[in-house]
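The values are calculated or read from the model by the stated rules, or taken from the named source; none is laboratory data. Everything numeric here is computed off the predicted structure, so don't read it as measured data. Cβ: placed from backbone, ideal geometry, glycine included. Neighbour counts: every protein chain shown.
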Amino acid sequence: MSKSYNRLTGKEVRAIAKENKRIMKSLEAYKNRKCDESEYLTTMKSDSNILEIEDLHSYFFTEQGTVKAVNGVSFDIPKYSTVGIVGESGCGKSVTSMSVMRLLQGPTGQIYSGEIRFNAKDESGEKVYDIAKMPIRDIHKIRGNQIAMIFQEPMTSLNPVFTIGQQLDEVTFIHNPKATKEEAKAKSIEMLNLVGIAIPERVYDSFPHELSGGMRQRVMISMALAADPRLIIADEPTTALDVTIQAQILDLLRDLKDKIDGSIMLITHDLGIIAEMADYVVVMYAGRVIEKGPVREIFHNPLHPYTIGLQKSKPTLDSSSDTLFNIPGNVPNPINMPNHCYFKERCSRCTSKCSGDYPGMVEVSPNHFVACHLYGGENND
Ligand SMILES: Nc1ncnc2c1ncn2[C@@H]1O[C@H](COP(=O)(O)OP(=O)(O)OP(=O)(O)O)[C@@H](O)[C@H]1O
Ligand code: SF4
Ligand SMILES: [Mg+2]
């Protein structure tokens, strides 16, 4: 913990606690309100997107102050595409995904402002929800069925006391309450087959602890698929697995995107995975998006000094750990972010302009955006 966390006086701590209580109470009341669906229906900026995140702020109201974990994030996920979210540990990747799933742990963790527009589909057709405005009681309309999530460690998401079959069947029952037990089992076996499990009947009758890590991740993916989601969020889905299994799971995810005709939001700190899997890349730094664009652009023409640093720090087959590039310095304290570019203290290319306002996002080529004073146009001059 940095020094500045400990410098608060008793009076300041009490003032923060009082202010936190007031804000958290009002945000919790908003989250738990009852309202008509029309209150959170909206329209997409573009019909070709499945998800549009706009100026999202997700905060943690802690005793030391407000942690702005996601601090004005905007990006789109086009239909039928994979968007990779990349950035160093702590930059807000998971908090962004937890905000989309509305899984932030309240009262401390809250979506403070912004929009999360999602193109949902049900029996009555397509409609667009602003997930950020949905009362928590209505979140079942999208969570787990329209949007499914695959976590890094499957053991924390699987219930150890139920068999894989019981847990998979449950997903079908939630999705289709009229299904018979036989229908649910048939669907579960079909899903296990789809994720490449050779003897699905055996896995169906197993408990989670009886399976290997790779097998459990396959089960998690089959569970995510059982509800035919339109969007899968995979948060570091292969980090806990060994290298061979990692490659298999990534192959599986790639195949499945085509099979389900949906989109994937793939969170990772590994640019190699992004290069292989993604169509678009969003680079995050300290709770903000600093560069985004089509994968070829970001790899062949990275512009932000941080993205360039990330690429240099990527291990390759012929680099030994001694020669790895490391971006020097640390991310600023998330409680007291400066007004200027957050990367300034680590940037070797900074100029006098960089002590001014935080750089605006500019489009440097079609769909390639960067927030850095080096690339200007009118916004950053
Ligand atoms: N419950 C919490 N209370 C306070 N701060 C939190 C909490 N959860 C996350 N944060 C802070 O939010 C910021 C973003 O965290 P997040 O988990 O989104 O990072 P990440 O990019 O997913 O990192 P990693 O690659 O390590 O998973 C970090 O500064 C983290 O310390
Ligand atoms: S705005 Fe300035 S300090 Fe920030 S990344 Fe660009 S050059 Fe570096
Ligand atoms: Mg994370």
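Of the numbered conditions (1) in a strand (DSSP E or B); (2) over 30 Å from residue 263 (Cβ atoms), residue 22 satisfies every one except a single condition; which is it?
Every listed condition holds for residue 22 apart from (1).
Looking for something under 15 Å from the mean Cα position of the chain (by Cα), over 28 Å from residue 305 (Cα atoms) and crowded, with 19+ Cβ neighbours inside 10 Å - is there at least one such residue anywhere in segment 56-70?
No, every residue in segment 56-70 fails to be under 15 Å from the mean Cα position of the chain (by Cα), over 28 Å from residue 305 (Cα atoms) and crowded, with 19+ Cβ neighbours inside 10 Å.
Of the residues 227, 278, only one is in contact with a Gly (Cβ under 7 Å, 6 or more places away or on another chain), over 27 Å from residue 60 (Cα atoms) and modelled with pLDDT of 95 or more; which? Reasoning before the result, please.
Values: 227 fails: modelled with pLDDT of 95 or more.
Going through 227, 278 in turn, just one is in contact with a Gly (Cβ under 7 Å, 6 or more places away or on another chain), over 27 Å from residue 60 (Cα atoms) and modelled with pLDDT of 95 or more: 278.
Looking at residue 253, is it touching a residue at least 24 places away in the same chain (Cβ under 8 Å), closer than 19 Å to residue 86 by Cα and away from ligand 3 (no atom under 16 Å from the Cβ)? Working first, answer last.
Working: touching a residue at least 24 places away in the same chain (Cβ under 8 Å): yes; closer than 19 Å to residue 86 by Cα: yes; away from ligand 3 (no atom under 16 Å from the Cβ): yes.
The answer is yes for residue 253.
If we scan segment 33-47, do we find a residue that is small (Gly, Ala, Ser), surrounded by fewer than 18 Cβ atoms within 10 Å (Cβ to Cβ) and either at pLDDT 95 or above or farther than 24 Å from residue 268 by Cβ (or both)?
We begin by selecting, within segment 33-47, every residue small (Gly, Ala, Ser); these are 38, 46.
Add one more test, that the residue is surrounded by fewer than 18 Cβ atoms within 10 Å (Cβ to Cβ), and what stays is 38, 46.
This time we only want the ones that are either at pLDDT 95 or above or farther than 24 Å from residue 268 by Cβ (or both), so: 38, 46.
Within segment 33-47, one or more residues are small (Gly, Ala, Ser), surrounded by fewer than 18 Cβ atoms within 10 Å (Cβ to Cβ) and either at pLDDT 95 or above or farther than 24 Å from residue 268 by Cβ (or both).
Taking the conditions exactly as written (more than 17 Å from the chain's Cα centre (by Cα), of a type outside the set (D, E, K, R) and within 28 Å of residue 27 (Cα to Cα)), does residue 177 satisfy them or not?
So residue 177 does not fit the description; no.
Quick check on this structure: which one of 252, 266 is over 18 Å from residue 162 (Cβ atoms) and assigned to a helix (DSSP H, G or I)? Show your work before the answer.
Values: 266 fails: assigned to a helix (DSSP H, G or I).
None of the others qualify; the one that does is 252.
Considering only residues that are among the hydrophobic types (A, V, I, L, M, F, W, C) and either in a loop (DSSP other than H, G, I, E, B) or crowded, with 17+ Cβ neighbours inside 10 Å (or both), which ones fall in segment 276-302? Lay out the reasoning, then the answer.
Step one: filter segment 276-302 for residues among the hydrophobic types (A, V, I, L, M, F, W, C), giving 277-278, 281-284, 286, 289-290, 295, 298-299.
277, 278, 281, 282, 283, 284, 286, 289, 290, 295, 298 - these are the residues of segment 276-302 that are among the hydrophobic types (A, V, I, L, M, F, W, C) and either in a loop (DSSP other than H, G, I, E, B) or crowded, with 17+ Cβ neighbours inside 10 Å (or both).
Give me the residue from segment 120-158 that is in a loop (DSSP other than H, G, I, E, B) and modelled with pLDDT under 90 and, out of that set, surrounded by the fewest Cβ atoms within 10 Å (Cβ to Cβ).
Selected residue: 123.
Consider segment 226-249. How many of its residues are within 18 Å of residue 100 (Cα to Cα) and not in a loop (DSSP other than H, G, I, E, B)?
5
Spot the failing condition for residue 207; the list is (1) surrounded by fewer than 20 Cβ atoms within 10 Å (Cβ to Cβ); (2) within 21 Å of residue 231 (Cα to Cα); (3) in contact (Cβ under 8 Å) with a residue 40 or more places away in the chain; (4) over 18 Å from the mean Cα position of the chain (by Cα), and only one is missed.
Unmet condition: (2).
Counting only residues that are modelled with pLDDT of 95 or more and near ligand 1 (Cβ under 7 Å from one of its atoms), which one in segment 66-91 is nearest to residue 21 (Cα to Cα)?
67
Is it true that residue 50 is within 15 Å of the chain's Cα centre (by Cα), near ligand 1 (Cβ under 9 Å from one of its atoms) and of a type in the set (Val, Ile, Thr)?
Criteria not met by residue 50.
Looking at (1) surrounded by fewer than 17 Cβ atoms within 10 Å (Cβ to Cβ); (2) in a loop (DSSP other than H, G, I, E, B), can you tell me which one residue 102 breaks?
Residue 102 satisfies every listed condition except (1).
Name the single residue that is nearest to ligand 1 (Cβ to nearest atom) among those in segment 329-345 being closer than 22 Å to residue 282 by Cβ and touching a residue at least 24 places away in the same chain (Cβ under 8 Å).
334
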